[in-house]
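The values are calculated or read from the model by the stated rules, or taken from the named source; none is laboratory data. Everything numeric in this text was worked out from a predicted model, so none of it was measured. We place every Cβ from the backbone using ideal geometry, glycine too, and count neighbours over all the protein chains shown. Surface areas here come from the heavy atoms of the whole protein model, side chains and all, with no ligands, DNA or RNA. Shrake-Rupley method; radii C 1.70, N 1.55, O 1.52, S 1.80 Å.
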Amino acid sequence: YINETQKTEKIKIEKYLEGVVAAEMDPKWPDNALAAQAILARTFTLKKIKDGGVKAHNTDASTDVKEFQAYDPSRVNDKVREAVQATRGKVLVYQGEYINGWFHADSGGITASSAVEGLAYKKEKAPYIHSVKDPGFEITVPENKAWTAVFSSSEVREAVKATIGNDPGDLHEASIVETGPSGRATIVKINNVSLSAPALRLALDNEKMRSTLLEEFSVNDNSLLIRGKGYGHGVGMSQWGAKALADQGKKPEEIVRYWFKDVEIKNLWK
């Protein structure tokens with residue numbers, strides 16, 4: 001399903017993946033980082049198709065990032081084409097089943113210990129997710145190393161209402177109630193209302209509240225002040241980490257195995 005034209009189109013999977021890799025990672029990045037992204041994108045795509053595709057459009061995939069994953073064929077270059085070709089047919093499986101090929105921009109130095117910690121994801125177990133050091137934090141852009149976000153009282157109220165239906169009232173207090181093993185906030189409290197930190201992040205603005213690896217979560221001048229590090233949910237592969245590992249000469253297969261434990265790489269077609 002092409003969201004821009006609202007039409008359905010038939011496309012070969014490997015061709016489609018070029019547009020995904022180009023959209024999800026900087027196309028000028030090292031070949032092996034792009035190839036690692038291709039393995040994850042292929043795995044993500046095939047798992048989604050197996051789980052029923054995009055039922056709203058009766059298609060396997062969609063170019064709408066909210067429904068599927070990013071896709072931008074205008075960014076495809078020779079490096080991206082080669083990365084997809086070099087990993088052709090390769091996917092990640094855990095005990096024979098496709099994994100959820102989660103990735104994010106930058107983990108803030110350490111990845112989430114589980115999909116529950118980073119994403120509040122409870123639909124199925126994901127025992128292949130574990131917490132590892134992220135070598136990308138040393139080379140990432142400054143806004144991922146330390147960021148500050150400020151939200152008005154009304155923005156916070158609306159976000160809480162949208163997330164759990166309760167109106168917390170005017171903003172007076174904010175605190176972190178629970179953190180997971182990697183240090184990420186899992187439950188936060190706004191006045192007397194507790195809610196999931198990953199859910200609040202999505203409801204507020206996940207580009208401003210860049211992660212749930214927080215150093216401050218408080219009320220300041222009638223606004224919510226949040227300081228933290230990293231960018232993204234922190235689950236699975238850090239893209240800046242993949243770049244760092246590629247810079248060290250690691251192969252695509254080694255890069256993806258670093259982030260996911262007890263997984264196998266399966267070659268589905270030649």
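Things worth noting here:
- The stretch 185-216 - residue that is more than 19 Å from the chain's Cα centre (by Cα) and buried (at least 22 other Cβ atoms within 10 Å of the Cβ) and, of those, farthest from Arg157 (Cα to Cα): Val188
- Residues satisfying the stated conditions in the stretch 65-90, i.e. in a loop (DSSP other than H, G, I, E, B), surrounded by 15 or more Cβ atoms within 10 Å (Cβ to Cβ) and in contact with a Pro (Cβ under 8 Å, 6 or more places away or on another chain): Val76, Thr87
- Condition check for Gly118: modelled with pLDDT of 95 or more, of a type outside the set (Ser, Thr, Tyr), farther than 16 Å from Ala23 by Cα and in a loop (DSSP other than H, G, I, E, B): no
- Residue among Thr148, Thr163, Thr140, Thr111 that is buried (at least 16 other Cβ atoms within 10 Å of the Cβ) and either of a type in the set (Asp, Glu) or farther than 23 Å from Ala244 by Cβ (or both): Thr163
- Residues that are open to solvent by 30 Å² or more (accessible area, probe 1.4 Å) and either without any contact (Cβ under 8 Å) to a residue 40 or more places away in the chain or aromatic (Phe, Trp, Tyr) (or both), drawn from the stretch 1-28: Tyr1, Thr5, Gln6, Lys7, Glu9, Lys10, Ile11, Lys12, Ile13, Lys15, Asp26
- The stretch 257-270, subset touching a residue at least 12 places away in the same chain (Cβ under 8 Å) and under 21 Å from Ser107 (Cα atoms), residue most open to solvent (accessible area, probe 1.4 Å): Asp262
- Considering the stretch 170-184, the residues that are among the charged types (D, E, K, R) and in contact (Cβ under 8 Å) with a residue 12 or more places away in the chain include one that is least open to solvent (accessible area, probe 1.4 Å), namely Arg184.
Matching residues to (1) touching a Phe, Trp or Tyr at 6+ places or on another chain (Cβ under 7 Å); (2) touching a residue at least 12 places away in the same chain (Cβ under 8 Å):
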{"site": "Ala199", "(1), (2)": "no, yes"}
{"site": "Glu207", "(1), (2)": "no, no"}
{"site": "Gln239", "(1), (2)": "yes, yes"}
{"site": "Lys251", "(1), (2)": "no, yes"}
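- Taking the criterion of being part of a loop (DSSP other than H, G, I, E, B) and either within 19 Å of the chain's Cα centre (by Cα) or among the aliphatic types (A, V, I, L, M) (or both), the residues of the stretch 91-115 that qualify are Ile99, Asn100, Gly101, Trp102, Ala105, Ser107, Gly108, Gly109, Thr111, Ala112, Ser113, Ser114.
- Scanning the stretch 49-64 for residues that are out of contact with any strand residue (DSSP E or B) (no Cβ under 8 Å at 6 or more places or on another chain) and either open to solvent by 40 Å² or more (accessible area, probe 1.4 Å) or assigned to a loop (DSSP other than H, G, I, E, B) (or both) yields Ile49, Asp51, Gly52, Lys55, Ala56, His57, Asn58, Asp64.
- Among residues of the stretch 221-256, those that are modelled with pLDDT of 95 or more, more than 17 Å from the chain's Cα centre (by Cα) and open to solvent by 50 Å² or more (accessible area, probe 1.4 Å), counted: 7
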